[in-house]
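To start, the structure under review is shown below, and the notes come after it.
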Amino acid sequence: MELGKQIHAYFKDNSQVEIVKLGHHGIRSNIPGDDISEFYRHGKRTLVVGIRKGLKFQSCKPSAHYQLPLLSGCIGQCEYCYLNTNLGDKPYMRGNVNVEESWNRLENT
Ligand code: SF4
């Protein structure tokens, strides 16, 4: 995926960014921390770049018919966030680089 290569090229020479290559499993276990506040802090600083396998769109009523599955998570750290309970104890961001497939799926939905 070209977008994945561009993201890798952007970060690979940044000494403050650790790049870890993983298979389909092991994301959560690679986010470090000894307690819930460290899990949260490291999770909020983690970007997972992946390929979305299932292209079925999740419904998102009543605000929208469907959720476009390009990104999930949030880098924000708002104290009032009610989504924190949905993001788990390691709330990482995920970007799916197979954008073309999602667009094609969208056009046929
Ligand atoms: S309220 Fe929650 S989802 Fe919204 S920007 Fe803040 S942390 Fe992110």
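Every number in this text was worked out from the coordinates using simple rules, so none of it is lab data. Values in this document were obtained by computation on a predicted structure and should not be read as measured data. Cβ coordinates were reconstructed from backbone atoms using ideal geometry, including for glycine residues, and neighbour counts include every protein chain displayed.
General remarks:
- Scanning segment 65-92 for residues that are in contact with a Gly (Cβ under 9 Å, 6 or more places away or on another chain), surrounded by 13 or more Cβ atoms within 10 Å (Cβ to Cβ) and not charged (D, E, K, R) turns up PRO69, LEU70, SER72, GLY73, LEU87, GLY88, PRO91, TYR92.
- Screening segment 21-95 for strands (runs of 3 or more DSSP E) wholly inside it with 2 or more residues that are without any contact (Cβ under 8 Å) to a residue 12 or more places away in the chain and closer than 29 Å to THR109 by Cβ returns the ranges 58-60, 64-67.
- Per-region count, segment 20-43, residues basic (Lys, Arg) and touching a helix residue (DSSP H, G or I) at 6+ places or on another chain (Cβ under 7 Å): 0
- Selection status of GLY95, within 16 Å of the ligand (Cβ to nearest atom), under 18 Å from LEU47 (Cβ atoms) and surrounded by fewer than 11 Cβ atoms within 10 Å (Cβ to Cβ): no
- If the condition is being within 12 Å of the ligand (Cβ to nearest atom) and in contact with a Lys or Arg (Cβ under 6 Å, 6 or more places away or on another chain), then segment 61-72 contributes only SER72.
- Single residue of LEU71, LEU55, LEU87 found to be touching a helix residue (DSSP H, G or I) at 6+ places or on another chain (Cβ under 6 Å) and not charged (D, E, K, R): LEU55
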